[in-house]
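What follows is a short report on a single structure.
The values are calculated or read from the model by the stated rules, or taken from the named source; none is laboratory data. The structure presented is a predicted model; accordingly, all values stated were derived computationally and were not measured. Every residue, glycine as well, gets a Cβ built from its backbone with ideal geometry; the counts of neighbours run over all protein chains shown. These accessible areas exclude ligands, DNA and RNA; they are computed on the full protein's heavy atoms, side chains included. Shrake-Rupley method; radii C 1.70, N 1.55, O 1.52, S 1.80 Å.
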Amino acid sequence: MNPPEAEPTKLVAVAVPLSLNNELSEEERISLNQLNRCLSRYDRYFVAPRGARNPDMNFRIKEFDKKYFGSAQAHNKLLLSPEFYRSFSDYKFLLIYHLDALVFSDQLEAWCQLDYDYIAPPWIHEVPGGSGKVLGRCGNGGFSLRKTESFLRVLNATKTTISNWKLWQLITIKRSRAEKMFMLPLLLLLFTPKLRKSILIKYGYTRNEDGFWADHAKYFYPDFTVSPAELALKFGFDKDPGYCFEMNNRVLPFGCHAWHKYDKSFWTGILHDQNRQSRKKRQAG
């Protein structure tokens with residue numbers, strides 16, 4: 001039986017995952033500067049491999065085993081690990097901020113007050129036949145707000161509301177027939193009553209971790225709440241920022257993800273306007 005988690009004593013922290021390469025690119029520096037400009041009053045942490053150098057002394061460091069770094073798959077395992085969320089159990093919420101994210105204002109406390117377990121920019125889908133786009137569900141984990149206690153409830157669960165067969169399908173999806181045969185011993189573990197079922201997710205789930213939180217966490221903790229897509233759009237944009245901007249009544253969100261991957265010119269224009277307004281305020285003040 002897992003020991004009870006301590007009650008959180010602080011509202012929210014910001015967690016910035018680093019790679020094995022400690023040198024930051026120009027775009028990552030822009031992302032980091034924007035975070036420091038808008039959210040400097042919050043506790044900020046680099047999530048880093050053990051022994052990493054701290055690239056910004058405004059941050060503290062949470063160190064983890066190097067096996068959790070160096071690839072998207074390794075990062076997924078970290079964010080499906082109780083160890084990760086337990087290290088932030090002093091905080092009720094955790095803002096995950098990849099270094100391809102941007103934040104535009106300090107709305108963090110207000111988003112925490114909505115008390116969702118998971119809020120992230122919604123995915124955008126192309127309509128079949130090329131006839132347009134449609135707002136999908138919440139949302140992309142690279143800029144996301146997570147309720148620490150609820151994530152630990154999911155990851156410590158010994159029961160699920162789905163059948164063992166469906167759970168088996170969940171952890172073997174996208175795997176070859178040979179891989180499934182190799183994993184057959186895991187099938188027996190599904191029938192172990194006190195086993196943390198989520199350990200099978202950590203080692204077997206092959207999709208990005210944000211898809212698990214958006215779609216499957218509720219099977220391990222039925223009260224797990226995910227923000228509706230329309231609200232998540234106000235929280236953040238990911239793909240197709242121009243489309244999202246129009247869908248959001250031409251209002252900027254709290255932040256965005258993958259800013260230099262999807263329509264970089266859109267976001268550099270926004271940053272330019274914000275910097276110009278900041279200069280005007282300083283000159284006027």
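Details
- Local electrostatic count, Leu184, Cβ distance below 15 Å [Lys/Arg +1, Asp/Glu -1]: +2
- Amide H within-cut-off set for Phe93, under 5 Å, with H built and near neighbours excluded: Val12, Ala13, Thr148
- Environment charge at His260 (Cβ cut-off 12 Å; Lys +1, Arg +1, Asp -1, Glu -1): -2
- Gained length - Asn36 relative to Asn164, 0.36 nm times residue gap less alpha-carbon distance: 41.6 nm
- Solvent accessible area, Å² - His98, 1.4 Å probe, full protein context: 40
- Close amide H partners of Arg44, meaning residues 5 or more places away or on another chain with modelled amide H under 5 Å apart, are Val14, Arg60.
- Over the residues of the chain, the helix contribution to mean residue ellipticity at 222 nm works out to -10500 deg cm²/dmol, using -39500 (n - 2.57) for each DSSP H run of at least 4.
- Antiparallel DSSP beta bridges within the chain, percent to nearest 5: 45
- Ranked by solvent-accessible area (1.4 Å probe, protein heavy atoms only, all chains present), the residues Glu27, Glu246 order from largest to smallest as Glu246, Glu27.
- Area of Ser105 that stays accessible when all protein chains are in place (1.4 Å probe, Å², to 10): 40
- Of the chymotrypsin sites (Phe, Trp or Tyr not before Pro) in region 150-192, those whose Cβ has at most 14 other Cβ within 10 Å and which sit in DSSP loop: Phe191
- Solvent exposure, largest accessible area first (probe 1.4 Å, DNA, RNA and ligands not counted), of Thr206, Thr172: Thr206, Thr172
- Across Asn164, Asn140, Asn76, mean-square fluctuation computed from a Gaussian network of the chain (C-alpha pairs under 10 Å connected) peaks at Asn164.
- Database remark: amide H of Lys133 closer than 5 angstrom to the amide H of Val127 (H placed geometrically; neighbours at sequence offset of 5 or more, or on other chains; Pro and chain starts carry no H).
- The GNM of the chain, with springs linking C-alpha atoms under 10 angstrom apart, assigns the highest mean-square fluctuation among Lys239, Lys92, Lys133 to Lys133.
- Lys, Arg +1 and Asp, Glu -1 on Cβ, resulting dipole of the chain about Cα centre, debye, nearest 20: 420
- Other residues whose C-beta falls under 11 angstrom from the C-beta of Lys67 contribute a net charge of +2, scoring Lys and Arg +1 and Asp and Glu -1.
- Cα gyration tensor shape for region 8-67, rounded if a/c is under 1.5, else prolate or oblate: oblate
- Here the Gaussian network model covers the chain, with springs between Cα atoms less than 10 Å apart; of Leu94, Leu135, Leu35, Leu135 fluctuates the most.
- With a Förster radius of 25 Å applied to the C-beta separation of Glu27 and Asn58, the computed FRET efficiency comes to 0.85.
- For region 1-66, trypsin sites (Lys or Arg not before Pro) meeting the loop criterion (DSSP other than H, G, I, E, B) and having at most 16 other Cβ atoms within 10 Å: Arg41, Arg50, Arg53.
- Cα shape, region 85-191, gyration tensor, a/c 1.5 rule: oblate
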